[in-house]
Each structure stands twice: as C-alpha cells, then as structure tokens.
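Notes for the one structure printed next.
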Amino acid sequence: MADITPPPAYPATPFVAEARARGVVGAAPTLSVRDLLAQTGVDYSRIEQMCAALAVPVPNWDERAFTNKDLEALEWVTELVDDGVLDAETEAALLRGISHSVERLVWWQFQVLADDAVRRLGLDDVEARISVLDHIADLADVLEAQMVYVWRRHLGATIRWIGRRLGEVPEGDSRSGALPLMRSVGFVDLVGYTETSGHLDAEGLAALVQGFVATAADTVAKWGGRVVKSLGDAVMFSAGDPSSGAMIALDLAETIGSNALTPPARVAMVWGSVLDRFGDVFGPTVNLASRLVAMADAGQVVVDEVTAAVLASDSRVATIPLSPSLAAGIGQVTPYRLVKVSEPNSRW
C-alpha cells in the first residue's frame, strides 16, 4: 500500500484535486454532448438517462465534460439495449444501483484513509484529507481490485442463497399477489446515542459510529445474514430464516455495549413476507420491526407474536410476553422478549 505521508502546503488545493481526479479517471475531459451524439448516433435522451443514472447533471451542449471512457460506456450500454439483452429501463436501473452504491463506497474509503492519517501520522482533519488527496491515485488500482474481488464473492454467495431458497418453494407456489419473499428483518438501535454523542469530539464520535457499524456487520455476517443499511445510530439487517434472525438479534444485543466505547443496544426482529428491491427490503414486516425496536429496553431483543410462535420450535431460544403497546400506524401489538434458554432469570 502506498505510504500516506504529511502533505506539503497546497495554496491551490482545487487545482491539485483536479489533477488527481484526472489521474484516477485516466484522461482530461475532451468530449461534449455534441461529440457523443455525433460519434454514437444515439438519441439525446440516452445521454440524459445515463447522466441521471450516474447522478450527475447533463452538461451544456458544447461543454467538454466527457472522456473516451464515457464514450466507451455509452457505446456498450447502447449495444446491450439495441441487441435486446436488456431494455433501457433495466439498464438505467442497473447503472443507477452501481452509481448509488459506489458513491457511498468511495466516500467511505476516503474517510477511512483520512482517519488512518490522523491516527498514524498525527495530522489534523484538514491535513489528513489533503494527504489522502495527494496519494489516493496511487491506491486506485488496489481499491478497484478489492471491489471486484468482493463483488464476485457476494455475487457467488447470492446465487447460492437464491438457489437454496428456490429449492424450498413448493411446486406451483408463485405467491402471486403477495409479497414474494420470507425474511427475518431486524433493527438494532443504540440506546442513549443522542446524549452520548453530544459529549464526544470528532475523533470520539467517529470511533463510536465505526465501532458500532463494524460490530453489527461482523455479527450479522457470522450468522449468515446481511446488513441492509445503516441509519446513523441504527442498523437494519435481514436473514433467510427465523432462527438465524433470532441468533443475530441476540448476539447483537449481547455484543454491542459490552465495552465502554459503545452504549447498549436494543433489538427487534420480525419474520414475515417482504419485497426486495434496490438492495433494500420493504413491506409491513419492515414497518413492524422498526416500531418494535422502540419497545425494547437496553440489552433486550423483542419479536412480535407471530415470530414468537414460529420460534417455539427452536430449542435455543424462548419468548416471554410483554405488555401490549400501541405501534404508530399499526395499532396495538404484543411484543415478546426473546431470550436464550440458558439466560439467567429466564422463566424457562
């Protein structure tokens, strides 16, 4: 890995950033919208669609905002659509998904490298960012290789997972008209996050957030689930069966808050049907899980009545009914505390 060293003084950082950006992209922009139209023969709407998917504004007609890489991308996107491999709507959705995910990934990577420069080199935040800015192009090939490696691993895991689940669907059951997938969906929420974070400096807050998200991700992966998204002081996760969801939830409640750096957590998990789109999950199951988490005390896991009944056959866990509560937009629900059967003070 390239050595990230303290930076020289940069009186004109934007110019340095432009040079580094060109180094990563591979060339200075030399093509305009007019050039792309002339060289590809596509409709202007295709360029509008591509820019929208990449979350960038469409440049002025003669502004040189594109490189030969952009031209190549437009050509192969057009070829996929024109050859009938994909339709334009599907291609735009795929490109939009990549853009959204990679944009977040790039910001994540840059901040991690800046934090490394602060920690190892004793730089302040501005100096650290300038240092990373000066060296990020040297790391681009390594970061790209990591992304492709991880993407292929996840693609393979997804193919296997979907194959197993399809094999479990009874013949002729297409779930027409219903949400198509059964999932465990859960939320883990830090208790007292607002008060705790209010007393932390930037370094302490970064350590808190990164520790929480990393611990949650490792715990979810341990039981074969996946992190759907992080929401500041909360993480949403899913799993393919109720038992895995239960073990994730219990492990999260036990692990998070076990050290002085992280406040305790409360967790909710619900087993039910969901709609899976854009890497996210939707539906009443998700809504119920998000409401239930507020009904848990620090260190507790709660589930709903249906999930408690499903988990009755799992000898590793037990459920304890709690007082009914009103859930906004849902009505009255009876939460059940989920515990390990070996937990002290359990009724079982």
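For (1) farther than 29 Å from Arg164 by Cβ; (2) in contact with a strand residue (DSSP E or B) (Cβ under 8 Å, 6 or more places away or on another chain); (3) among the basic types (Lys, Arg), each residue gets a yes or a no:
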{"site": "Met236", "(1), (2), (3)": "no, yes, no"}
{"site": "Pro263", "(1), (2), (3)": "yes, yes, no"}
{"site": "Gly272", "(1), (2), (3)": "no, yes, no"}
{"site": "Phe278", "(1), (2), (3)": "no, no, no"}
{"site": "Asn287", "(1), (2), (3)": "no, no, no"}
{"site": "Arg291", "(1), (2), (3)": "yes, yes, yes"}
{"site": "Met295", "(1), (2), (3)": "yes, yes, no"}
{"site": "Glu305", "(1), (2), (3)": "no, yes, no"}
*asked:* Which numbered condition in (1) touching a residue at least 12 places away in the same chain (Cβ under 8 Å); (2) surrounded by 14 or more Cβ atoms within 10 Å (Cβ to Cβ); (3) more than 14 Å from the chain's Cα centre (by Cα) is the only one that Ala216 fails?
replied: (3)
*Single unsatisfied condition, Gln109 versus (1) touching a Leu at 6+ places or on another chain (Cβ under 8 Å); (2) at pLDDT below 85; (3) polar (S, T, N, Q)*: (2)
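Counting only residues that are β-branched (Val, Ile, Thr) and loosely packed, with under 14 Cβ neighbours inside 10 Å, which one in the range 119-162 is nearest to Glu18 (Cα to Cα)?
Across the range 119-162, the extreme among qualifying residues is Val126.
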*So which pairs qualify, if the first residue must be in the range 130-157 and within 25 Å of Gly279 (Cα to Cα), the second must be in a helix (DSSP H, G or I) and not hydrophobic (A, V, I, L, M, F, W, C), the Cβ gap must be under 7 Å, and the two must be at least 6 apart or on different chains?*
Leu143/Gln109
*Could you tell me which residue of the range 225-246 is nearest to the chain's Cα centre (by Cα), considering only residues that are over 12 Å from Val213 (Cβ atoms) and outside any helix (DSSP H, G or I)?*
Val228
*Would you tally the residues in the range 247-258 being assigned to a loop (DSSP other than H, G, I, E, B) and either under 12 Å from Val213 (Cβ atoms) or in contact (Cβ under 8 Å) with a residue 12 or more places away in the chain (or both)?*
2
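The values are calculated or read from the model by the stated rules, or taken from the named source; none is laboratory data. Predicted, not measured: the structure shown is a model, and the values here were computed from it. Every residue, glycine among them, receives a Cβ derived from its backbone with ideal geometry; neighbour counts consider all protein chains shown.
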